[in-house]
Amino acid sequence: MRTQTQTAEETEELGARLARARPASGAPLAVLYLRGELGSGKTTFARGFARASGVSGPVRSPTYTLLEPYPAAGGTLVHLDLYRLRSSAELDSLGLREWAAPGHVWLIEWPEHGAGRLPAADLVVAFAAGAAGHDIEVTGSSALGAAWLVELEGGSQPQP
């Protein structure tokens, strides 16, 4: 699925739509890779996803902490920002295994910095900042991701 958002609010709403479209059956661990350059909308998208998942407090990029867990409806939302990682081996100290549970959702910014040590993505959300807004493409990478996209595309599309 491809779309374009022109405002931060539209990018947040896309994140919220994706959160609401998550297939409920069995609620396995869900992993989303958020790819894109600095300023392309990844954290804004994550904020919308978190709000729609029941997170009520502030949602910021965990650039310095690397990992920020949030209690969410039906599990935990784990927001990772791996931009500052120097080596994927640094992930070992984060205790990610305890967050790899059914009902949990991982939103991973800069997943390429954790290559070889992260679970495979169910969805890849690619962001590109352009003159007219943010171009965003969502791709399913697993059976869960494909079902998620079916749910997402069955809903209403954002109006640019």
>> Checking a compactness column here: for the chain, what do you get for Rg(Cα) / (2.2 N^0.38 Å), N being the number of residues?
In response: 0.96
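Over the range 2-153, what is the mean sequence separation of C-alpha contacts under 8 Å (at least six apart), divided by residue count, expressed as relative contact order in percent? Intermediate values should be presented prior to the final figure.
On the way: 309 pairs, mean separation 50.3, N = 152.
Once normalised by length, the contact order is 33 percent.
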>> Taking the Cα centre as origin and putting +1 on Lys and Arg beta-carbons and -1 on Asp and Glu beta-carbons, what dipole magnitude results for the range 86-158, to the nearest 20 debye?
In response: 180 debye
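Just so you know, all these numbers are worked out from the coordinates, no wet-lab data involved. This structure is a prediction, so every number in the text was calculated from the model and none was measured. When we count neighbours, we look across all protein chains shown, and the Cβ atoms used for this are built from the backbone with ideal geometry, even at glycine.
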